[in-house]
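The structure under discussion appears below in the form of structure tokens.
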């Protein structure tokens, strides 16, 4: 059988999905399959069939030609000539329709090639195509999981998802060059100005505004003169109080006294408050029902003579209140000053629990205008930053008594009032400050012994210790917390003693064991005396049992807290 292929009988249906457009997918109808018998002729010598798809010729299948007669048999030596064979018969091509069903869902054609005796030599089934599904697959867009610079995850129908990643950000471009700026004379400014040109842009004018109207004449200071009667600040001679108020309301006062017995008319000294400030600590803490002290410093000058002693008529008051209010409305208590101008006052026991600001106010004598002073010195217009801080805790709550931060090589208490020393052989000794920022107070030459006490069990063998002195006497339930460090050959134990005014000592029941080596560690100690008893005048810290005299201990920070009695 001859087979001529003119067009593939396989028809592909391609569904196009428009990316990001969401367009509907259009289904194409199945192709129509028809078969036409072909008479014997030039195309097929013995006839055949033509297959059409959608009316277009797709393939031609030709019937085979009849066979040639068989060859004559050879004549035997004695026999007769054999009979001629029968002519061969050409096979037939049979086409039968196939109903829609299991073999062809939409029906089709079966093409068989049969021998003359009906034997099927070959067969082929050609099924009609099936209409495509018009439904588009679902498309799901989500967040990409494996994209370095972000992207989306796309899932189409039942297929596995795939990711579309954003590209990496481009490198930053080179900075643009700043345009040139030139200044010239303005083209149109009534009261003068400048012409400005930036880069290649057109110039523009910046004009001066019109002159303002003349202001009001300045105010001269007001001077008030008050008589000081005999027996007052000027003694029996009496005198005058001069008050000068400038245009901003700032007052200065001066006292002018009559000469004694009216001889010579000589006036008293002309004094003024040169400066006044809160001195450390600027942050004060106390418990409700107790009181706490505050300190300040005032400087008095005599006209033409410089700094002088504070006069006997000088008055000072310590006040506290809400920092959002005018200090003139705060609560004040009378303070005292010595002739050098050092101020001392207390807040009293009536202060309620809370957070307050505090300041000093001073005058050369009773009745003068007050000069207010805070942590930054005197001020005319108050700001919260000018005030010290007063913290009043509920009764029984611990408060900070004094604290040290040794950064900056300082042995002065960073909070509260106190002093620190290193004692060796009963004598204060200088130790080094160690660290990148001088933040470790480093001492050595401690007792090299595992036993701290003498055989009597109460007398220490060591006379080398850190000593912290502060106002511990008004507190009970005292504790110390700090950040410390020892070298690899440093002490292994630390004993702490309370030192009382009579020189007696009270030690912790057990020493503190130092296990961290050459690394910073935090520690908190419950200190003697027993709970509820008044504290001592100082505390001693005795490190001991190093492996060498050079083994050191370093104090980094330390803070003492207690409950006010």
Restricting to the stretch 360-381, count the residues that are touching a helix residue (DSSP H, G or I) at 6+ places or on another chain (Cβ under 8 Å) and either over 16 Å from residue 275 (Cα atoms) or not in a loop (DSSP other than H, G, I, E, B) (or both). 3
How many residues, within the stretch 549-560, are within 9 Å of residue 444 (Cα to Cα) and surrounded by fewer than 20 Cβ atoms within 10 Å (Cβ to Cβ)? 2
Scan (1) closer than 29 Å to residue 292 by Cβ; (2) in contact (Cβ under 8 Å) with a residue 24 or more places away in the chain for the single condition residue 428 breaks and write down its number. (2)
Counting only residues that are under 10 Å from residue 375 (Cα atoms) and assigned to a loop (DSSP other than H, G, I, E, B), the stretch 385-400 contains a total of 1
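Residues are listed down the side, and each one gets a yes or a no for (1) outside the structural domain of residue 100 (by TED's automatic domain parsing); (2) in a loop (DSSP other than H, G, I, E, B); (3) at pLDDT 80 or above:
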| residue | (1), (2), (3) |
| --- | --- |
| 134 | yes, yes, no |
| 142 | yes, no, yes |
| 155 | yes, no, yes |
| 170 | yes, yes, no |
| 183 | yes, no, no |
| 186 | yes, yes, yes |
| 189 | yes, yes, yes |
Please specify each residue of the stretch 321-331 satisfying the condition of being within 17 Å of residue 276 (Cα to Cα) and touching a strand residue (DSSP E or B) at 6+ places or on another chain (Cβ under 6 Å). 327
Just the residues that are in a loop (DSSP other than H, G, I, E, B) and in contact with a helix residue (DSSP H, G or I) (Cβ under 7 Å, 6 or more places away or on another chain), please, taken from the stretch 303-323. 323
Just checking, which of 97, 115, 106 is within 30 Å of residue 37 (Cβ to Cβ), loosely packed, with under 11 Cβ neighbours inside 10 Å and either at pLDDT 80 or above or out of contact with any helix residue (DSSP H, G or I) (no Cβ under 7 Å at 6 or more places or on another chain) (or both)? 97
Taking into account only those residues within the stretch 202-228 that are modelled with pLDDT of 75 or more and under 30 Å from residue 256 (Cα atoms), which is surrounded by the most Cβ atoms within 10 Å (Cβ to Cβ)? 228
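The values are calculated or read from the model by the stated rules, or taken from the named source; none is laboratory data. Here the structure is a predicted model, which means the values were calculated and not measured. Positions of Cβ are backbone-derived with ideal geometry, glycine not excepted, and every protein chain shown enters the neighbour counts.
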